[in-house]
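Before any comments, here is the structure.
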Amino acid sequence: MKCAPFDYVRASSVEETVTVLGETDGEGKILAGGQSLVPVLALRMARPAVLVDVNRIPGLSAIRRVEDTLEVGATVRHSRLVEQTEHPLLAEAARWIGHTAIRSRGTTGGSIAHADPSAELPVVAVATGATVTVTGPRGARAVDAEDLFVGALTTSLDEDEMITAVRFPLPSRWGFAEFARRHGDFALVTAVVTEVRGRPRITFGGVSSVPQRATDAEQALSDGRPAAEVARTAAEEIEPTADLHGSVEFRRAIAAEMTRRALAQFDSPREHSR
Ligand SMILES: Cc1cc2nc3c(=O)[nH]c(=O)nc-3n(C[C@H](O)[C@H](O)[C@H](O)COP(=O)(O)OP(=O)(O)OC[C@H]3O[C@@H](n4cnc5c(N)ncnc54)[C@H](O)[C@@H]3O)c2cc1C
(Lines give C-alpha, C1' and ligand atoms only; values in the text may rest on other atoms or scores of the structure.)
Protein backbone atom coordinates (compact mmCIF):
# COMPACT_ATOMS: atom_id res chain seq x y z
CA MET A 1 0.00 0.00 0.00
CA LYS A 2 1.17 3.58 -0.60
CA CYS A 3 0.92 6.57 1.73
CA ALA A 4 -2.08 8.87 1.38
CA PRO A 5 -1.08 12.24 -0.16
CA PHE A 6 0.45 14.85 2.17
CA ASP A 7 2.18 18.21 1.99
CA TYR A 8 5.87 18.22 2.86
CA VAL A 9 7.67 21.00 4.73
CA ARG A 10 11.41 20.91 5.36
CA ALA A 11 11.73 22.97 8.51
CA SER A 12 14.80 25.06 9.13
CA SER A 13 14.10 25.81 12.79
CA VAL A 14 12.21 24.52 15.82
CA GLU A 15 10.08 27.68 15.76
CA GLU A 16 9.06 27.03 12.14
CA THR A 17 8.21 23.42 13.05
CA VAL A 18 5.84 24.31 15.88
CA THR A 19 4.29 27.14 13.85
CA VAL A 20 3.51 24.79 10.95
CA LEU A 21 2.20 22.12 13.34
CA GLY A 22 -0.01 24.74 15.01
CA GLU A 23 -1.44 25.82 11.66
CA THR A 24 -2.44 22.27 10.72
CA ASP A 25 -4.97 21.95 13.54
CA GLY A 26 -3.80 18.49 14.59
CA GLU A 27 -3.28 17.24 11.03
CA GLY A 28 0.51 17.70 11.01
CA LYS A 29 3.23 15.21 11.97
CA ILE A 30 6.94 15.57 12.55
CA LEU A 31 9.09 13.39 10.31
CA ALA A 32 12.40 12.43 11.96
CA GLY A 33 14.07 9.10 11.06
CA GLY A 34 10.80 7.82 9.59
CA GLN A 35 11.45 4.30 10.97
CA SER A 36 8.14 4.20 12.83
CA LEU A 37 6.12 6.88 11.04
CA VAL A 38 6.66 5.76 7.45
CA PRO A 39 5.37 2.19 8.00
CA VAL A 40 2.33 3.68 9.76
CA LEU A 41 1.73 5.97 6.77
CA ALA A 42 2.27 3.17 4.29
CA LEU A 43 -0.36 1.08 6.07
CA ARG A 44 -2.63 4.16 6.12
CA MET A 45 -2.99 3.84 9.89
CA ALA A 46 -2.35 7.62 9.92
CA ARG A 47 -3.13 10.19 7.22
CA PRO A 48 -1.49 13.46 8.25
CA ALA A 49 -2.12 16.39 5.91
CA VAL A 50 1.40 17.77 6.45
CA LEU A 51 4.75 16.19 7.30
CA VAL A 52 7.31 18.51 8.86
CA ASP A 53 10.82 17.19 8.24
CA VAL A 54 13.09 18.16 11.16
CA ASN A 55 16.25 16.44 9.94
CA ARG A 56 17.94 19.61 8.64
CA ILE A 57 17.31 21.81 11.68
CA PRO A 58 20.73 22.95 12.94
CA GLY A 59 21.70 22.20 16.53
CA LEU A 60 19.48 19.18 17.14
CA SER A 61 22.07 16.49 16.46
CA ALA A 62 24.51 17.28 19.25
CA ILE A 63 25.47 15.07 22.20
CA ARG A 64 26.95 17.00 25.09
CA ARG A 65 27.63 16.68 28.78
CA VAL A 66 25.45 18.98 30.91
CA GLU A 67 26.26 18.69 34.63
CA ASP A 68 25.61 15.05 35.62
CA THR A 69 23.59 14.30 32.48
CA LEU A 70 24.24 13.51 28.85
CA GLU A 71 22.07 15.78 26.71
CA VAL A 72 21.09 14.07 23.47
CA GLY A 73 19.62 16.19 20.68
CA ALA A 74 16.33 15.09 19.13
CA THR A 75 17.81 14.06 15.78
CA VAL A 76 20.74 12.07 17.18
CA ARG A 77 20.61 8.65 15.49
CA HIS A 78 20.58 5.45 17.52
CA SER A 79 23.91 4.45 15.93
CA ARG A 80 25.58 7.54 17.48
CA LEU A 81 24.31 6.51 20.89
CA VAL A 82 25.95 3.13 20.37
CA GLU A 83 29.25 4.80 19.45
CA GLN A 84 29.43 7.36 22.27
CA THR A 85 31.29 6.33 25.41
CA GLU A 86 30.14 8.90 27.97
CA HIS A 87 26.89 7.11 28.85
CA PRO A 88 27.57 3.34 28.67
CA LEU A 89 23.99 2.40 29.63
CA LEU A 90 22.62 4.40 26.68
CA ALA A 91 25.18 2.77 24.38
CA GLU A 92 24.20 -0.70 25.58
CA ALA A 93 20.46 -0.02 25.24
CA ALA A 94 20.83 1.47 21.74
CA ARG A 95 22.70 -1.65 20.59
CA TRP A 96 19.48 -3.59 21.16
CA ILE A 97 17.37 -1.39 18.86
CA GLY A 98 16.35 -3.23 15.69
CA HIS A 99 19.00 -3.67 13.02
CA THR A 100 21.82 -1.56 11.55
CA ALA A 101 19.58 0.21 9.01
CA ILE A 102 17.07 1.18 11.70
CA ARG A 103 19.79 2.36 14.07
CA SER A 104 21.37 4.50 11.36
CA ARG A 105 18.11 6.40 10.66
CA GLY A 106 16.02 6.26 13.85
CA THR A 107 16.38 9.19 16.24
CA THR A 108 16.25 9.72 19.99
CA GLY A 109 13.43 12.29 19.76
CA GLY A 110 11.46 9.98 17.45
CA SER A 111 11.80 6.97 19.74
CA ILE A 112 10.77 8.93 22.83
CA ALA A 113 7.84 10.60 21.01
CA HIS A 114 6.67 7.34 19.45
CA ALA A 115 6.51 5.79 22.96
CA ASP A 116 6.48 2.17 21.90
CA PRO A 117 5.98 0.07 25.07
CA SER A 118 8.82 -2.26 24.02
CA ALA A 119 11.30 0.39 22.86
CA GLU A 120 14.61 0.66 24.68
CA LEU A 121 15.12 4.43 24.98
CA PRO A 122 11.86 5.16 26.85
CA VAL A 123 12.84 2.53 29.47
CA VAL A 124 16.30 4.05 29.87
CA ALA A 125 14.70 7.51 30.12
CA VAL A 126 12.53 6.38 33.05
CA ALA A 127 15.31 4.26 34.55
CA THR A 128 17.62 7.26 34.74
CA GLY A 129 15.02 9.90 35.61
CA ALA A 130 15.61 11.70 32.31
CA THR A 131 14.19 15.11 31.48
CA VAL A 132 12.71 15.74 28.05
CA THR A 133 12.97 19.25 26.61
CA VAL A 134 9.87 20.17 24.65
CA THR A 135 9.16 23.29 22.60
CA GLY A 136 5.73 24.52 21.56
CA PRO A 137 4.17 27.80 20.49
CA ARG A 138 4.23 29.02 24.10
CA GLY A 139 7.97 28.32 24.51
CA ALA A 140 10.07 25.53 25.98
CA ARG A 141 9.35 23.30 28.97
CA ALA A 142 11.04 20.37 30.68
CA VAL A 143 9.04 17.18 31.25
CA ASP A 144 10.07 14.30 33.50
CA ALA A 145 10.18 11.12 31.42
CA GLU A 146 7.82 9.42 33.88
CA ASP A 147 5.21 12.10 33.15
CA LEU A 148 5.70 11.94 29.39
CA PHE A 149 4.60 8.35 28.75
CA VAL A 150 0.87 8.06 29.36
CA GLY A 151 -0.05 4.97 27.31
CA ALA A 152 1.02 2.72 24.46
CA LEU A 153 2.22 4.99 21.63
CA THR A 154 0.83 7.95 23.59
CA THR A 155 2.64 10.83 25.30
CA SER A 156 1.56 13.96 27.13
CA LEU A 157 2.94 16.10 24.27
CA ASP A 158 0.53 18.52 22.62
CA GLU A 159 0.02 18.15 18.88
CA ASP A 160 2.01 21.32 18.19
CA GLU A 161 4.94 20.47 20.47
CA MET A 162 8.33 19.09 19.53
CA ILE A 163 10.97 17.26 21.56
CA THR A 164 14.27 19.06 21.07
CA ALA A 165 16.53 17.11 23.45
CA VAL A 166 16.61 14.55 26.25
CA ARG A 167 18.88 14.81 29.29
CA PHE A 168 19.81 11.36 30.57
CA PRO A 169 21.46 11.44 34.04
CA LEU A 170 24.62 9.33 34.23
CA PRO A 171 24.03 6.39 36.57
CA SER A 172 26.86 5.56 38.97
CA ARG A 173 25.99 1.84 38.56
CA TRP A 174 23.70 0.07 36.14
CA GLY A 175 22.62 -3.24 34.66
CA PHE A 176 20.64 -3.90 31.48
CA ALA A 177 19.07 -7.17 30.36
CA GLU A 178 16.63 -7.82 27.54
CA PHE A 179 14.74 -10.80 26.20
CA ALA A 180 13.49 -10.89 22.60
CA ARG A 181 12.57 -13.97 20.59
CA ARG A 182 14.86 -13.10 17.67
CA HIS A 183 17.84 -10.82 17.19
CA GLY A 184 16.55 -7.31 16.36
CA ASP A 185 12.99 -7.91 17.51
CA PHE A 186 11.27 -5.56 19.90
CA ALA A 187 11.80 -6.62 23.53
CA LEU A 188 9.38 -8.94 25.29
CA VAL A 189 10.90 -7.76 28.55
CA THR A 190 13.67 -5.27 29.29
CA ALA A 191 14.95 -4.82 32.85
CA VAL A 192 17.15 -1.88 33.78
CA VAL A 193 18.66 -1.45 37.23
CA THR A 194 20.33 1.88 37.95
CA GLU A 195 21.73 3.94 40.75
CA VAL A 196 21.13 7.59 39.96
CA ARG A 197 21.98 10.41 42.36
CA GLY A 198 22.46 7.80 45.10
CA ARG A 199 19.07 6.09 44.66
CA PRO A 200 18.37 2.73 43.03
CA ARG A 201 15.72 2.30 40.33
CA ILE A 202 14.38 -0.88 38.79
CA THR A 203 12.48 -0.28 35.56
CA PHE A 204 10.85 -2.58 33.02
CA GLY A 205 9.96 -2.19 29.37
CA GLY A 206 7.75 -4.47 27.31
CA VAL A 207 5.58 -5.60 30.19
CA SER A 208 2.76 -3.07 29.81
CA SER A 209 1.80 0.10 27.96
CA VAL A 210 4.46 2.35 29.53
CA PRO A 211 7.83 1.77 31.23
CA GLN A 212 7.08 0.48 34.74
CA ARG A 213 9.11 0.97 37.91
CA ALA A 214 9.12 -1.65 40.66
CA THR A 215 9.36 0.51 43.77
CA ASP A 216 9.02 -2.31 46.34
CA ALA A 217 11.94 -4.07 44.68
CA GLU A 218 13.88 -0.78 44.67
CA GLN A 219 13.35 -0.63 48.45
CA ALA A 220 14.47 -4.26 48.80
CA LEU A 221 17.62 -3.40 46.84
CA SER A 222 18.25 -0.36 49.05
CA ASP A 223 17.81 -2.60 52.11
CA GLY A 224 20.52 -4.94 50.80
CA ARG A 225 18.20 -7.90 50.22
CA PRO A 226 19.65 -10.78 48.12
CA ALA A 227 19.35 -10.47 44.33
CA ALA A 228 16.97 -13.44 44.08
CA GLU A 229 14.59 -11.80 46.53
CA VAL A 230 14.78 -8.42 44.77
CA ALA A 231 14.05 -10.11 41.44
CA ARG A 232 11.13 -12.05 42.89
CA THR A 233 9.69 -8.91 44.47
CA ALA A 234 9.96 -7.04 41.17
CA ALA A 235 8.29 -9.80 39.17
CA GLU A 236 5.42 -10.04 41.65
CA GLU A 237 4.99 -6.29 41.83
CA ILE A 238 4.78 -5.40 38.15
CA GLU A 239 1.50 -5.67 36.29
CA PRO A 240 2.26 -7.31 32.96
CA THR A 241 -0.30 -7.52 30.20
CA ALA A 242 -0.83 -10.68 28.16
CA ASP A 243 -0.64 -10.59 24.37
CA LEU A 244 0.03 -13.01 21.55
CA HIS A 245 3.73 -13.06 22.53
CA GLY A 246 3.12 -14.35 26.05
CA SER A 247 0.89 -14.71 29.09
CA VAL A 248 1.09 -12.68 32.28
CA GLU A 249 2.87 -15.60 34.02
CA PHE A 250 5.38 -15.90 31.16
CA ARG A 251 6.22 -12.20 31.37
CA ARG A 252 6.60 -12.36 35.17
CA ALA A 253 9.01 -15.31 34.83
CA ILE A 254 11.06 -13.52 32.17
CA ALA A 255 11.00 -10.30 34.22
CA ALA A 256 12.43 -12.17 37.25
CA GLU A 257 15.24 -13.64 35.16
CA MET A 258 16.03 -10.33 33.41
CA THR A 259 16.13 -8.60 36.80
CA ARG A 260 18.57 -11.22 38.09
CA ARG A 261 20.82 -10.66 35.07
CA ALA A 262 20.63 -6.86 35.33
CA LEU A 263 21.41 -7.08 39.06
CA ALA A 264 24.46 -9.24 38.33
CA GLN A 265 25.83 -6.47 36.08
CA PHE A 266 24.81 -3.83 38.60
CA ASP A 267 26.75 -5.62 41.35
CA SER A 268 29.83 -6.40 39.28
CA PRO A 269 30.16 -4.27 36.14
CA ARG A 270 31.53 -6.22 33.21
CA GLU A 271 31.91 -6.00 29.47
CA HIS A 272 28.50 -6.01 27.82
CA SER A 273 27.91 -7.82 24.61
CA ARG A 274 24.95 -8.69 22.49
C1 LIG B 1 11.81 -3.30 11.55
C2 LIG B 1 11.91 -2.33 12.69
C3 LIG B 1 12.41 -2.78 13.91
C4 LIG B 1 12.50 -1.89 14.98
N5 LIG B 1 12.99 -2.37 16.16
C6 LIG B 1 13.07 -1.54 17.21
C7 LIG B 1 13.55 -2.00 18.47
O8 LIG B 1 13.93 -3.15 18.64
N9 LIG B 1 13.60 -1.10 19.49
C10 LIG B 1 13.20 0.21 19.35
O11 LIG B 1 13.25 0.97 20.31
N12 LIG B 1 12.74 0.67 18.17
C13 LIG B 1 12.67 -0.15 17.11
N14 LIG B 1 12.21 0.32 15.92
C15 LIG B 1 11.77 1.74 15.83
C16 LIG B 1 12.92 2.71 15.67
O17 LIG B 1 13.69 2.78 16.85
C18 LIG B 1 12.46 4.14 15.35
O19 LIG B 1 13.59 4.80 14.95
C20 LIG B 1 11.84 4.97 16.46
O21 LIG B 1 10.79 4.32 17.09
C22 LIG B 1 11.25 6.26 15.90
O23 LIG B 1 12.26 7.14 15.57
P24 LIG B 1 12.28 7.88 14.20
O25 LIG B 1 13.32 8.92 14.31
O26 LIG B 1 12.39 6.91 13.10
O27 LIG B 1 10.84 8.62 14.22
P28 LIG B 1 9.74 8.77 13.10
O29 LIG B 1 9.36 7.45 12.56
O30 LIG B 1 10.13 9.82 12.13
O31 LIG B 1 8.55 9.37 14.01
C32 LIG B 1 7.91 8.55 14.97
C33 LIG B 1 6.83 9.39 15.67
O34 LIG B 1 7.43 10.36 16.52
C35 LIG B 1 7.08 11.69 16.11
N36 LIG B 1 8.29 12.48 16.28
C37 LIG B 1 9.50 12.22 15.71
N38 LIG B 1 10.41 13.09 16.18
C39 LIG B 1 9.78 13.90 17.05
C40 LIG B 1 10.20 14.99 17.87
N41 LIG B 1 11.48 15.42 17.89
N42 LIG B 1 9.28 15.60 18.67
C43 LIG B 1 7.99 15.17 18.67
N44 LIG B 1 7.53 14.16 17.92
C45 LIG B 1 8.42 13.52 17.11
C46 LIG B 1 6.59 11.55 14.68
O47 LIG B 1 5.68 12.57 14.32
C48 LIG B 1 5.94 10.19 14.72
O49 LIG B 1 4.65 10.28 15.28
C50 LIG B 1 12.11 -0.52 14.83
C51 LIG B 1 11.64 -0.07 13.58
C52 LIG B 1 11.53 -0.96 12.53
C53 LIG B 1 11.03 -0.44 11.21
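Among residues of the range 116-164 being surrounded by fewer than 23 Cβ atoms within 10 Å (Cβ to Cβ) and of a type in the set (S, T, N, Q), the one that is nearest to GLN212 (Cα to Cα) is SER118.
I need a count of the residues in the range 119-138 that are at pLDDT below 95 and within 11 Å of the ligand (Cβ to nearest atom).
0
Within the range 182-207, restricting attention to residues that are among the small types (Gly, Ala, Ser) and more than 14 Å from the chain's Cα centre (by Cα), the residue that is farthest from THR69 (Cα to Cα) is GLY184. Filtered by the rule that a residue be more than 7 Å from the ligand (Cβ to nearest atom) and farther than 21 Å from SER13 by Cβ, the range 29-48 gives VAL40, LEU41, ALA42, LEU43, ARG44, MET45, ALA46, ARG47. Cβ-Cβ contacts under 9 Å between residues 6 or more apart (or on different chains), taken from a first residue in the range 82-100 that is among the basic types (Lys, Arg) to a second residue that is modelled with pLDDT under 95 and surrounded by fewer than 17 Cβ atoms within 10 Å (Cβ to Cβ), are listed as ARG95/HIS272; ARG95/SER273; ARG95/ARG274. When the range 68-123 is filtered for residues that are charged (D, E, K, R) and part of a strand (DSSP E or B), the ones remaining, listed by number, are GLU71, ARG77. Looking for something touching a residue at least 60 places away in the same chain (Cβ under 8 Å), of a type in the set (A, V, I, L, M) and in a strand (DSSP E or B) - is there at least one such residue anywhere in the range 42-65? There is no residue in the range 42-65 that is touching a residue at least 60 places away in the same chain (Cβ under 8 Å), of a type in the set (A, V, I, L, M) and in a strand (DSSP E or B).
Could you please tell me which pairs satisfy a Cβ distance under 7 Å, a separation of 6+ or placement on different chains, a first residue in the range 184-201 that is of a type in the set (D, E, K, R), and a second residue that is part of a strand (DSSP E or B)? Final answer for the pair search is GLU195/ARG173; ARG197/PRO169; ARG201/THR194; ARG201/ARG213.
Based on what the data block shows, is ILE63 more than 12 Å from the ligand (Cβ to nearest atom), under 25 Å from GLY205 (Cβ atoms), touching a Lys or Arg at 6+ places or on another chain (Cβ under 7 Å) and not charged (D, E, K, R)? The answer is yes for ILE63.
Going by the structure shown, is ARG141 away from the ligand (no atom under 14 Å from the Cβ), more than 22 Å from GLY206 (Cα to Cα) and either assigned to a strand (DSSP E or B) or not hydrophobic (A, V, I, L, M, F, W, C) (or both)? Criteria not met by ARG141.
The values are calculated or read from the model by the stated rules, or taken from the named source; none is laboratory data. The structure presented is a predicted model; accordingly, all values stated were derived computationally and were not measured. With ideal geometry, Cβ positions are generated from the backbone for all residues, glycine too; neighbour counts draw on all protein chains shown.
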